[in-house]
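Taking it in order: structure first as structure tokens, then the write-up.
The values are calculated or read from the model by the stated rules, or taken from the named source; none is laboratory data. Please read these numbers as outputs of a predicted model, since none were measured by experiment. Don't worry about glycine lacking a Cβ; one is built from the backbone with ideal geometry, like all the others, and counts go over all protein chains shown. We work out accessible area using only protein heavy atoms, side chains counted, and drop any ligands, DNA or RNA first. Shrake-Rupley method; radii C 1.70, N 1.55, O 1.52, S 1.80 Å.
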Amino acid sequence: MQLNPKQIKQERQPTKPQLLSATNGRAMEVPAKPLAPVYMTLIQQMHDTKDHSVLRLPASAKKMGRANSTYWQDVKNGTVPPAIRLGKRSVGWLLAELDAILAARALASRTNTPLDIKLFVSILAGPRLSLKKCNETTEGVENV
């Protein structure tokens, strides 16, 4: 019996536990370790901020040091939080979230502390995304 190349490739790849990503709904690997407490503190500080400034694409990409197309790729990959809708044809990113990501990357870089940036971003944007899903499920339901 001869196997086709697809079957061989599937047999060689071990299965890994999966976790649903909060950023894009795709499955991602379960992290080996949870985030260090210092990163959770950064997330908490971002959620406690009163500044809700929003940056549009050019300013967001510039702040993160990326080109516009690369920035969109980062959003797709889950290393930058998804955009928030500002209008019918406009989106933006919360300045506090971008600041938290930059602070986490700087901390990881300077202290040699491991950082799973996708996990950090999914936790960072998690409450906002879960609220969005809640609103989508109650859309069209009249208040009694």
(request) Could you check segment 19-97 for helices (runs of 4 or more DSSP H) lying wholly inside it with 1 or more residues that are at pLDDT 95 or above? (result) 57-64, 68-77
(message) Could you list, ordered by first residue, the pairs with Cβ atoms under 8 Å in which the first is in segment 38-61 and over 20 Å from residue 114 (Cβ atoms) and the second is polar (S, T, N, Q), at least 6 apart or interchain?
(response) 56/90; 57/68; 58/68; 61/68; 61/70
(message) Against the condition at pLDDT below 90, open to solvent by less than 40 Å² (accessible area, probe 1.4 Å) and closer than 22 Å to residue 39 by Cα, how does residue 129 come out, does it pass?
(response) yes
